[in-house]
Structures are given as C-alpha cells and as structure tokens.
Amino acid sequence: MKNFYITTPIYYPSAKPHMGHAYSSISADVIARFKRLESFNVNFLTGTDEHGLKIQRAAEKENKSPKDFCDIISKNFLDLTKKLNLSNTDFIRTTEKRHIDTVVRLWKTLVQKKEIYISKYSGWYSISDEAFYTNDEIEEKNGTKLSKTTGSRVDWVEEDSYFFKLSKWQSHLLDFYSNNPNFISPLVRKNEIVSFVKSGLKDLSISRTSFNWGIPVPSDNKHVIYVWLDALTNYISALNYYEKNNKNEFWPADFHIIGKDIIRFHCVYWPAFLLAADIKPPKKIFAHGWILSGEEKMSKSKGNILDPIEIIDNYGLDEIRYYLMKEVIYGEDGKITPENLANCINSDLANNIGNLYQRITSIIHSRLESKIPNCSPKDSTDVKILNLIDNNLNNLIATFNKLEIHNYTKSLIQLFSEVNKYVNDTAPWSLKEDSLDKRNIILYCVLEFLRKAFILLQPIIPDKSKIILDSLNVPNDERSIINITNSFKILPGTKINKIEILFKKHDN
C-alpha cells in the first residue's frame, strides 16, 4: 500500500469550535476516506495549537493556568472529531512532549545552519492573529489600527527578538513554486503568494519576550518561540521526525488542508523553515474558502457564529457533510442558510437517493421474501444501469483527485437521477406475472448500482453508506473502489435487511 499523509490546520483553542473548524476537518476527512477507498495507507492528523499571548490572556480571564485552560478547551476540539465522525489517526497538541522536543530540535538545527540571529523587533503585531503586519497591510478605523485582511486590532511592538533569515530564501521560494506548480492550490492563492514573495521578504521575528506561554528558546529562556514556528512544526512532530521510532515514511505530507486566512504562514514561512533545515516541504497546500453565515463572514461582534454541534443536532451529520461537499466549491467561499440546507436535504438525499433505495427494497421485501432475485440482464437499457458506475468510474476518480469534490458529488447525484428515471420508466411494481423476469432484472440492476454508488459515497456520508451496504450484506473488506469493477457482486438469494427511512425531510 502507498502512504498518504493529510493534515488539517491545528486549531487555536481560545474559544469554542465553529463551523469553519468543522468544514476544514470534514473536507480533510472526506479526502482521507477517499484515499483509503483507493487502497492508500492514510495518516490523517488534526489537533490544537496551544501557545501564544491570546491563549495566555484567555486563560487569565478564566482565572486558570494556560495549561489547565488548554486542557479544557482542547477537549472541545477532540470531542468535535468524534461528533464529526472524523477518521483521523492522530491528534496533536502543541503542549505535548513529542511536539516540544521536535520544535527545540528544529530551532537548534536552524541555529547550527546560521539561519537565526538576535536583534530588535519594531513593528505592527496582532495578538488575535498572532501575526506581524507591514504598514501597507493595516488601516485605521475609529482611531484603532486594524489588519486589512482580518479586521483584527494591531499594536506597535518593540522588543528584543530572534530573527529567521527569511529574506535569504526569497529566490529559493520562487524557484520552488516554479518547480512545483501544484504546491499551492487553488490558483488564485498561488498567485497571491507568488506576488507577495516577489514584492520582497523581510527577515521574520521568531521569538517573543512580552509573554511566557510558549516553548522557551534553547539557551535563552527569556524568549519563547514565535507561535507560528512552534505551531507549523506539528506536521512533523506528530511523526516524531527526529526520533528513531518515527513515521517519516509519511513525509513529505501529501496535503495540508488550511483556511485561506493562514496561507502566508503555510506557503511562505513553513517551506522556508523546512528548506533551511534541509527538510523537504509538503507536496501540496490547499486553501479552502470561508463558510459564511448567510451572506456574511462569521464574526463574534456580529453574533452570527455558526455552531456545528447545533446544526448537526438539527439536520444530521451526514446531511451537513453532504451539503458542504456538494454546495460549496472547494477553494471558494460558501454559505449556510436553513433554507439552502433543507432544500438540499429534501431534494438530493430524501427524494433522490433515499427514495430510490426505498422504492426498490420495498418490492423485494413485499414480493420476494426480502431476497435478491436471480436473473441475467441482457437488454441494453438494463445493462447500462448495471454498468453505470463502472462506465463513469475513471472520470469520478479523476474529478475527486483534482479536489473538485463538489463536481464529484454532483456527478453521483446525477447518476441517481438517471437510475430513478429508469425505475419510473420501467415501473417494476406494476409488472404482471408474465413479466416477473423483467421485474427481477430491474431490481437486480438497481441494487448493483446502489452497492457501487454507496461505496463511492462512503467518504461523504459514511454513516448512511454503512447502513445501506450493511443492509445489502456487502462484506466490510469488499467496500473499496477495486470492488466496484472486480470480484464481489451482490449474490441472488442474499437477504436484504430492512432499515428505517434514510433521510428525513425538513421544512424550508
């Protein structure tokens, strides 16, 4: 089996998880599950980023130590992985020893290679973003300096700092982007980063002295390591990169899945750190868009934060996963409204997918003692349905692997529509005694379509797909892509298990 390593951003646990966190995690999970369908050995990492001034201040407000505060808040994100039914194989916390040890080793490596020096930092800094900004990147509103990108407050900071020689790596990064054209996706984000790097890179402050909640700089504990050098290292610390007992067969990572607001850290700073330390950068960084609340970006001040737990409890997990993967173009902003959610669930899931399964299996339960009929499809119309997935499989796989997940999902739902039309046209429930062979052929062809289609839907709606595949008695080891065209087929005489209604309709 080939290895595949995918990561989410590690989330900053200064507050409860919101829908943006859920979207990053769900999309990464869908990709991880799909690669498993392709028989890859998948390492899927998520976790929490627990150092920095914002965490320290949030803990102080709660009258807790930063570590105790992180233990509580980080658990919310750990619990979210279960609520979202993520298939992650690891959960990293930046307060773990394996992470701290790796960050210290990386720092010492950069010092040894003369990539770090000490000087004084003066400039604009956002506590909320844990980011430095230039004069061109800030604006003033009502007497307060704000980041043009995030709207977060920035303050002028002056303090002693260690610097990473980022400017030295400007031409190396541009060469790297040129030689690895798929490193940054989508294209609009790549263009944004290339333009930023071409405009000129300044050396990067990588330590702070104004707070102490972080990993101390080796040999100078007056400084803590800048949260982004700390946080980004999680992708290799989870592998125990510098230890004998490591999982370095997964490096370089295949995909870092991130939000577009943290693209600079991942596409400029991270590869520069790695190149300077003689470590290969990841293969691809994919920056998805924001999930909007209605027409607006989520914001505490606007009071429009979408709670993923509340939405899941109201609409169902697989239903939300399906909506996000179909209705949001991966890489662009997408919105959630109750009306759009209800329309998508009712139209696609209840009326199309669920209705097809119920119509076919109800005939089998009522007229065939719940057993799959014995038949031999020969008519071209029937054979077309029998082989509908097979004939579209290569295009479906190629579409998904281009991360056009919305098109992959839409293509599958369109195939369901085609099969529903076939059922409407042939009306197997109305066929008389002298046409029972034809009825059985229709039923069998549709059941085989359902088996194959739900194998491909597993990454998107894993719970409902399992219910269907279990009802058809498809063995667990026969649920990968290779089983669509090879080996297993549902056998005549197999008893189908009755299930409850798959998808409940919602009021608009």
task = Report yes if some residue within segment 67-76 is polar (S, T, N, Q), surrounded by fewer than 20 Cβ atoms within 10 Å (Cβ to Cβ) and assigned to a loop (DSSP other than H, G, I, E, B); otherwise report no.
result = no
message = For segment 363-382, give me each residue that is in contact (Cβ under 8 Å) with a residue 12 or more places away in the chain and either under 34 Å from the mean Cα position of the chain (by Cα) or part of a helix (DSSP H, G or I) (or both).
response = Ile363, Ile364, His365, Thr381, Asp382
ask   = List pairs: first in segment 446-466 and among the basic types (Lys, Arg), second in a loop (DSSP other than H, G, I, E, B), Cβ under 8 Å, 6+ apart or cross-chain?
value = Arg451/Leu472; Arg451/Val474; Arg451/Lys489; Arg451/Ile490; Lys464/Leu502; Lys464/Phe503; Lys466/Gln458
request  = Scan the helices (runs of 4 or more DSSP H) fully inside segment 158-266 and keep the ones with 1 or more residues being free of Cβ contacts under 8 Å to residues at least 12 places away in the same chain.
outcome  = 170-179, 187-198
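Considering only residues that are among the hydrophobic types (A, V, I, L, M, F, W, C), at pLDDT 95 or above and surrounded by 19 or more Cβ atoms within 10 Å (Cβ to Cβ), which ones fall in segment 11-58?
Result: Ile26, Ala28, Val30, Ile31, Ala32, Phe34, Leu37, Val42, Phe44, Leu45.
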key: Residue check, Thr426 buried (at least 17 other Cβ atoms within 10 Å of the Cβ) and farther than 21 Å from Ser347 by Cα   = yes
query = Applying the selection to segment 44-66, what residues are over 14 Å from Phe211 (Cβ atoms) and not in a strand (DSSP E or B)?
reply = Asp49, Lys61, Glu62, Asn63, Lys64
key: Selection status of Ile118, in contact (Cβ under 8 Å) with a residue 24 or more places away in the chain and in a helix (DSSP H, G or I)   = no
note = Being assigned to a helix (DSSP H, G or I), of a type in the set (S, T, N, Q) and buried (at least 21 other Cβ atoms within 10 Å of the Cβ) narrows Thr81, Thr102 down to just Thr102
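The values are calculated or read from the model by the stated rules, or taken from the named source; none is laboratory data. All figures in this text were calculated on a predicted structure; none of them were measured in a lab. All Cβ positions, even for glycine, are placed from backbone atoms using ideal geometry, and neighbour counts span all protein chains on display.
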